[in-house]
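Before any comments, here is the structure.
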Protein chains: 2
Amino acid sequence: MSAATASPSAGPLGGLRIVESTAFIAAPLATMSLAGLGAEVIRLDPPGGGLDYTRWPLSEEGASLYWTMLNRGKRSVTLDLREEAGREAAARLICEGDGIFVTNLPARGALAPEALLERRKDAIVVTLDGSPDGATAIDYTVHAACGAAIMAGPEAFDAPVNNAVPFWDVIAGRSLAMGLLAAELERRRTGRGQHIALSLSDIAMEAVANVGILPEAELTGQARARQGNWIYGSFGRDFSTACGRRFMLAVVTGKQWRALLEATRLGAAMERIGEAFGTALDDDTGRYRARHAIAALVQDWAGARDLAAVARAFEGTAVCWSPYRDARQMLDEDPRASTSNPLFERIAHPGVAPVLTPRAPFRMTGHPDLPARPAPALGADTAAVLSENEGTEK
Amino acid sequence: MSAATASPSAGPLGGLRIVESTAFIAAPLATMSLAGLGAEVIRLDPPGGGLDYTRWPLSEEGASLYWTMLNRGKRSVTLDLREEAGREAAARLICEGDGIFVTNLPARGALAPEALLERRKDAIVVTLDGSPDGATAIDYTVHAACGAAIMAGPEAFDAPVNNAVPFWDVIAGRSLAMGLLAAELERRRTGRGQHIALSLSDIAMEAVANVGILPEAELTGQARARQGNWIYGSFGRDFSTACGRRFMLAVVTGKQWRALLEATRLGAAMERIGEAFGTALDDDTGRYRARHAIAALVQDWAGARDLAAVARAFEGTAVCWSPYRDARQMLDEDPRASTSNPLFERIAHPGVAPVLTPRAPFRMTGHPDLPARPAPALGADTAAVLSENEGTEK
């Protein structure tokens, strides 16, 4: 296995080789995440690119920013998997490497999980589909199905609210990566491979169960009412400033509450609120009960100040808050969205001028210098990978 | 190490022992996910429970559904980590086990990452904080900071929209689990341990970069405008039915488009739309350009039918759609939110009547029977774990 020849500086997953035939977000993101930790990832695409090769947003040169960012650090091989010869070549590539294959596309013939496990008993084949019942599903339809869209949005608004970020895909991607690494740990311990299947809709339903939303509905017989921008069960909401900006303020601990009272000098007024409601405001339950009154006082305080004055009042305290920012404001205002944050390097990609590009989102003492890596040009590694593979003796 | 004594049937991570001192969502979810794959997870809490022990929603008996669901399959030990004696006992427990510790709380004295790595060179210490600059941050404030809240919500609405599901915490939890397993694979290969730190705000900023939102703003100088419930760059939106329900419809492939035209018999009308806009509707770009006209025809079709008729028209086709459902409607209408889906078992937890409880969200041929497991009672395993540990000879 290639593990033996890996450089230890390549990252914690140095030496692991993964082959993928994927599209859209979740599956490419999973393998991109593993590439960021040092795995060698070989992405297979049809000549000319797959379903997701030209998805918006595009760069001026016409490259998909979306495909670019989700395929960073991978090698790109073009192979026509609609033909059995292409699938056979892919199966050889998989099985003569580490035997790890990730796909969210129909995997037929030599690339079917059973065929790969037949060819190599310790293969790890990870397949992602939309729904365990075989129906088509993507992030948007799963979001509709799992209760989250109806719970989101302004209290007075009567329609569901979709996400602007494909959260379910991102969660599924990281879940897939976790499952793959668990299977790899088991294989190193026992020598056994397996087929791991996951469904996007299961990932969403699992999550709404994990955070208590589904069992709450089951036990009470009622879905939780829409909370608008309030935090359920604690104190928190968005507030507007004199300069027309907005910020989110959250209080989920006693320390954060005391810091807020000190920074805003609202301690005495809040004592009166507590007396009026007959509840102490020193825990989540009391603050949630009196939230409208608390928020009215905080809004009076915030509305009399511009954002800079709010920031001065909260800076260096334990107050948990953030201005709302769009992506342009992030780049302009937040040093965490710049190369002064070790998360980011600014690098170019094929057809894309230099842009902030994330490293693996970990600071690892064993790997202080994990680099951000560019996306490949489509097919750039075809000849090299296939000839390396020709030369492999097993 | 306990790995040697693990039963292989316990799951792919059987034999791995993780100790945690955590609160809220991301970190407990990470270790719960690993427990679901067979790891032994020992959760440390102060006597009486930590910051998150009573968070809403609550069961009738007063148990936190939130704490319950996020701590399933773990063992619970109460120890006072504010005292150095408690931290010393915890450090012994960690280092005499597998040397793996996960925390999102201040880790001082014997539990500081350097102290643990001093005591055991191959320890893996994973710490999660809010922000790499040391500021307090939680899911809500990170959501405000990363561009996502301003992009979400109805086009005509002028305020940011918070999430109803703590997506960033869920993503961070799965990311943490992925990073921990990567470090464990490296340790098995090289014998080296390390401290891995991650920040919730980095997880969010990485994600908006990964899906193209951040580079788009950097290259164009503009944040993407709010899209309401439209899919950016493809065709998709919510539609309402004659019976007052809503459904999400997405078209991200040619196959889905052709299936929609066939199911709705709108093919001829859509040809006229294409002619009117001077664009073919057979790709994402054309459909995005003509989206308002396409949607008006689809809404006429949907508005003339009740949801059951829409479902009959789409059933068994490649149309990608889903009704919007709240959590109660999920339980009533969707077989995937029931024990007929292998994802779920219905089991009781301490203080919580039987509820749908997820298994690990994977169908693994090597582990067809990974069980859903209950949460522990607080402190239930204190004596057993501490005495097992006393008896450990290393």
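The values are calculated or read from the model by the stated rules, or taken from the named source; none is laboratory data. Keep in mind it's a predicted model, so treat the numbers as computed, not measured. Please note: Cβ atoms are built from the backbone with ideal geometry, for glycine as well, and neighbour counts cover all protein chains shown.
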When you check residue B:345 against the structure, is it in contact with a Leu (Cβ under 9 Å, 6 or more places away or on another chain), at pLDDT 95 or above and surrounded by fewer than 22 Cβ atoms within 10 Å (Cβ to Cβ), yes or no?
yes
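Helices (runs of 4 or more DSSP H) wholly in region B:253-326 with at least 2 residues that are aliphatic (A, V, I, L, M) - which ones? Even if it seems obvious, please write down each step before you answer.
On the way: elements: B:254-264, B:267-277, B:284-289, B:291-303, B:307-314.
Of the helices (runs of 4 or more DSSP H) lying wholly inside region B:253-326, those with at least 2 residues that are aliphatic (A, V, I, L, M) span B:254-264, B:267-277, B:291-303, B:307-314.
May I ask you to say which residue of B:378, B:331, B:297, B:307 is farther than 21 Å from residue B:14 by Cβ and in the same structural domain as residue B:72 (by TED's automatic domain parsing)? It would help to see each step written out before you state the result.
On the way: B:331 fails: in the same structural domain as residue B:72 (by TED's automatic domain parsing); B:297 fails: in the same structural domain as residue B:72 (by TED's automatic domain parsing); B:307 fails: in the same structural domain as residue B:72 (by TED's automatic domain parsing).
Testing whether each residue is farther than 21 Å from residue B:14 by Cβ and in the same structural domain as residue B:72 (by TED's automatic domain parsing) leaves just B:378.
Does at least one position in region A:268-275 carry a residue that is in contact with a strand residue (DSSP E or B) (Cβ under 9 Å, 6 or more places away or on another chain) and either buried (at least 20 other Cβ atoms within 10 Å of the Cβ) or modelled with pLDDT of 95 or more (or both)?
Here is the first cut: in region A:268-275, the ones in contact with a strand residue (DSSP E or B) (Cβ under 9 Å, 6 or more places away or on another chain) are none.
The answer is no; no qualifying residue exists.
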So residue A:164, is it hydrophobic (A, V, I, L, M, F, W, C), modelled with pLDDT under 95 and assigned by TED's automatic domain parsing to the domain that holds residue A:107
yes
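From the residues in region A:145-200 that are among the charged types (D, E, K, R) and out of contact with any helix residue (DSSP H, G or I) (no Cβ under 9 Å at 6 or more places or on another chain), which one is nearest to residue B:176 (Cα to Cα)? Spell out how you get there, then give the answer.
Restricting attention to region A:145-200, the residues satisfying the condition of being among the charged types (D, E, K, R) are A:155, A:158, A:169, A:174, A:184, A:186-189, A:192.
So of that shortlist, the ones also out of contact with any helix residue (DSSP H, G or I) (no Cβ under 9 Å at 6 or more places or on another chain) come out as A:155, A:158, A:187.
On the way: A:155: 33, A:158: 36, A:187: 21 Å.
Among those that are among the charged types (D, E, K, R) and out of contact with any helix residue (DSSP H, G or I) (no Cβ under 9 Å at 6 or more places or on another chain), it is A:187.
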Please enumerate the residues belonging to region B:128-145 that are surrounded by 24 or more Cβ atoms within 10 Å (Cβ to Cβ) and either closer than 12 Å to residue A:320 by Cβ or of a type in the set (A, V, I, L, M) (or both).
B:128, B:137, B:138, B:139, B:140, B:141, B:142, B:144, B:145
For region A:350-361, pairs from a residue that is facing chain B (nearest Cβ under 7 Å) and more than 18 Å from residue A:60 (Cα to Cα) to a residue that is hydrophobic (A, V, I, L, M, F, W, C) and part of a strand (DSSP E or B), with Cβ under 9 Å and 6 or more apart or across chains, are A:358/A:344; A:361/B:198
Please work out if residue B:302 is in contact (Cβ under 8 Å) with a residue 40 or more places away in the chain and surrounded by 24 or more Cβ atoms within 10 Å (Cβ to Cβ).
yes
Flagged in region B:347-368 as farther than 30 Å from residue A:161 by Cβ and assigned to a strand (DSSP E or B), in numbering order, are B:347, B:348, B:349, B:353, B:354, B:363, B:364, B:367
Give, as residue ranges, the strands (runs of 3 or more DSSP E) completely inside region A:93-204 that count at least 3 residues that are within 8 Å of another protein chain (Cβ to nearest Cβ).
A:194-199
Just one of (1) in contact (Cβ under 8 Å) with a residue 24 or more places away in the chain; (2) within 30 Å of residue B:169 (Cβ to Cβ); (3) surrounded by fewer than 16 Cβ atoms within 10 Å (Cβ to Cβ) trips up residue B:222, so point out which.
(1)
Do we find that residue B:85 is modelled with pLDDT of 95 or more, within 17 Å of residue B:193 (Cα to Cα), in the same structural domain as residue B:36 (by TED's automatic domain parsing) and over 22 Å from the mean Cα position of the chain (by Cα) in this structure?
no
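Yes or no, residue by residue, for (1) assigned by TED's automatic domain parsing to the domain that holds residue B:353; (2) of a type outside the set (Gly, Ala, Ser); (3) in contact with a Cys (Cβ under 7 Å, 6 or more places away or on another chain); (4) closer than 18 Å to residue B:390 by Cα:
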residue	(1), (2), (3), (4)
B:42	yes, yes, no, yes
B:48	yes, no, no, no
B:51	yes, yes, no, no
B:56	yes, yes, no, no
B:64	yes, no, no, no
B:68	yes, yes, no, no
B:81	yes, yes, no, no
B:89	yes, no, no, yes
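I need a count of the residues in region B:31-46 that are within 20 Å of residue B:78 (Cα to Cα) and not acidic (Asp, Glu).
Going residue by residue through region B:31-46, those that are within 20 Å of residue B:78 (Cα to Cα) are B:31-32, B:35, B:39-46.
With the extra rule that they be not acidic (Asp, Glu), the set shrinks to B:31-32, B:35, B:39, B:41-44, B:46.
Residues meeting the conditions: 9.
Of all residues in region A:372-394, count the ones that are at pLDDT below 95 and either surrounded by 14 or more Cβ atoms within 10 Å (Cβ to Cβ) or part of a helix (DSSP H, G or I) (or both). Full working, then the answer.
So in region A:372-394, the residues at pLDDT below 95 come out as A:386-394.
Then keep just the ones that are either surrounded by 14 or more Cβ atoms within 10 Å (Cβ to Cβ) or part of a helix (DSSP H, G or I) (or both); that gives A:386-390.
Count: 5.
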Extreme residue, farthest from the chain's Cα centre (by Cα), among residues of region B:327-341 that are in a loop (DSSP other than H, G, I, E, B) and facing another protein chain (nearest Cβ under 7 Å)
B:334
